[in-house]
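Asker: Have a look at this one.
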Amino acid sequence: MLVVMLGLLTFTAHAQGQASSSDQEMSRKDGQKASADANPPSFKRFHKVLEKNLTSNLFVKSNLAPLLIGAAGALAISPFDKRIVDEIRGESPLVGKTGNILGGPVLFSAVTGGLLIATSRSSRPHFRSFTYTFTQAIVIDNILTQALKVSVQRERPNRENFSFPSGHASNAFAVATVVSHYYGRKWGIPLFVLSTFVGLSRLEAGKHWPSDLVAGAALGYISGSTAIRGTHREMEQAASRQSLILPFWNCDYRGVQIRFTF
């Protein structure tokens, strides 16, 4: 049954990836080159980009396909929720504890903080863009996940509340999506597999139903993709807002000429 769930969640992530929109359809190499050649977004505008990511960048056609895939997958597996949890729950406490740590807020907060510190000392535009997008994805995912948890208030297998969707799964898949975009399949595929493990561990611990995990995986992918889209658009807009200061002189005048491009 563990293998079945692993295949299901991996297929969901793969299908979501195939549903990316034309506004994100640049090859990974082109995407890396673009981010390496351009100045990364300024963290001073982080809140403004976040606002766009939660509105215009979130509600786009390209997010519709992964949303439908996640919803269909969650609905399809929901009749088997209890049976799957009954078979998996309590089988390996070590798996449950490990997944809780790997997908938990403490680790993600520590990683995000570490990236922000490293970025402040880095001159590599590609790495700085990655950190910016990573942070945006984590914030977007947590806002959307918590909003759904409060709205749905589904009971967990262990009788606690706020089961749907899985925050551990959504965070893990959001990170895997961003890393895959910036650093390719070499890092992306292992992280998607690790994200699936994190999701499965939540079943073992009795914290979630399988449908929570599928929904979380879809939400994580949407959050990561939205953050990527927002970063690219911010970089494009920043490039169009350029000013050029040129000195000039002749026999009669000396000064500077300022040109603005909007």
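Asker: Tell me, please, whether a residue that is touching an Asp or Glu at 6+ places or on another chain (Cβ under 6 Å) and farther than 23 Å from S56 by Cα can be found in the stretch 211-219.
Answerer: yes
Asker: A72 passes all but one of (1) touching a residue at least 12 places away in the same chain (Cβ under 8 Å); (2) of a type in the set (A, V, I, L, M, F, W, C); (3) open to solvent by less than 80 Å² (accessible area, probe 1.4 Å); which number fails?
Answerer: (1)
Asker: Is it the case that V106 is surrounded by fewer than 19 Cβ atoms within 10 Å (Cβ to Cβ) and modelled with pLDDT under 95?
Answerer: yes
Asker: Go through (1) under 25 Å from N53 (Cα atoms); (2) touching a Pro at 6+ places or on another chain (Cβ under 8 Å); (3) open to solvent by 10 Å² or more (accessible area, probe 1.4 Å) one by one and return the number of the condition F164 breaks.
Answerer: Unmet condition: (2).
Asker: Condition (residue is out of contact with any Asp or Glu (no Cβ under 8 Å at 6 or more places or on another chain) and not in a helix (DSSP H, G or I)) applied to the stretch 137-149: is it met by at least one residue?
Answerer: For the stretch 137-149, residues out of contact with any Asp or Glu (no Cβ under 8 Å at 6 or more places or on another chain) and not in a helix (DSSP H, G or I): absent.
Asker: I'm told S62 meets every condition in (1) modelled with pLDDT of 90 or more; (2) in a helix (DSSP H, G or I); (3) open to solvent by 30 Å² or more (accessible area, probe 1.4 Å) except one. Can you identify the failing condition by its number?
Answerer: (3)
Asker: Just one of N171, N158 is farther than 20 Å from S225 by Cα, touching a residue at least 24 places away in the same chain (Cβ under 8 Å) and either outside any helix (DSSP H, G or I) or open to solvent by less than 20 Å² (accessible area, probe 1.4 Å) (or both); which is it?
Answerer: Step by step, each of N171, N158 is checked, and only N158 is farther than 20 Å from S225 by Cα, touching a residue at least 24 places away in the same chain (Cβ under 8 Å) and either outside any helix (DSSP H, G or I) or open to solvent by less than 20 Å² (accessible area, probe 1.4 Å) (or both).
Asker: Does G99 satisfy the condition of being closer than 13 Å to L203 by Cβ and in contact (Cβ under 8 Å) with a residue 12 or more places away in the chain?
Answerer: It is true that G99 is closer than 13 Å to L203 by Cβ and in contact (Cβ under 8 Å) with a residue 12 or more places away in the chain.
Asker: Going through the stretch 75-102 one residue at a time, which ones are in contact with a Phe, Trp or Tyr (Cβ under 9 Å, 6 or more places away or on another chain) and either open to solvent by less than 100 Å² (accessible area, probe 1.4 Å) or farther than 20 Å from R154 by Cβ (or both)?
Answerer: I77, S78, D81, I84, V85, V95, T98, G99, L102
Asker: Another question about this same structure. Quick one: is V214 assigned to a helix (DSSP H, G or I), in contact with a helix residue (DSSP H, G or I) (Cβ under 8 Å, 6 or more places away or on another chain) and surrounded by fewer than 24 Cβ atoms within 10 Å (Cβ to Cβ)?
Answerer: So V214 does not fit the description; no.
The values are calculated or read from the model by the stated rules, or taken from the named source; none is laboratory data. As the structure is a computational prediction, the values presented were derived from the model and not from experiment. Neighbour counts are summed over all protein chains in view; Cβ atoms, including those assigned to glycine, are modelled from backbone coordinates with ideal geometry. Surface areas here come from the heavy atoms of the whole protein model, side chains and all, with no ligands, DNA or RNA. Shrake-Rupley method; radii C 1.70, N 1.55, O 1.52, S 1.80 Å.
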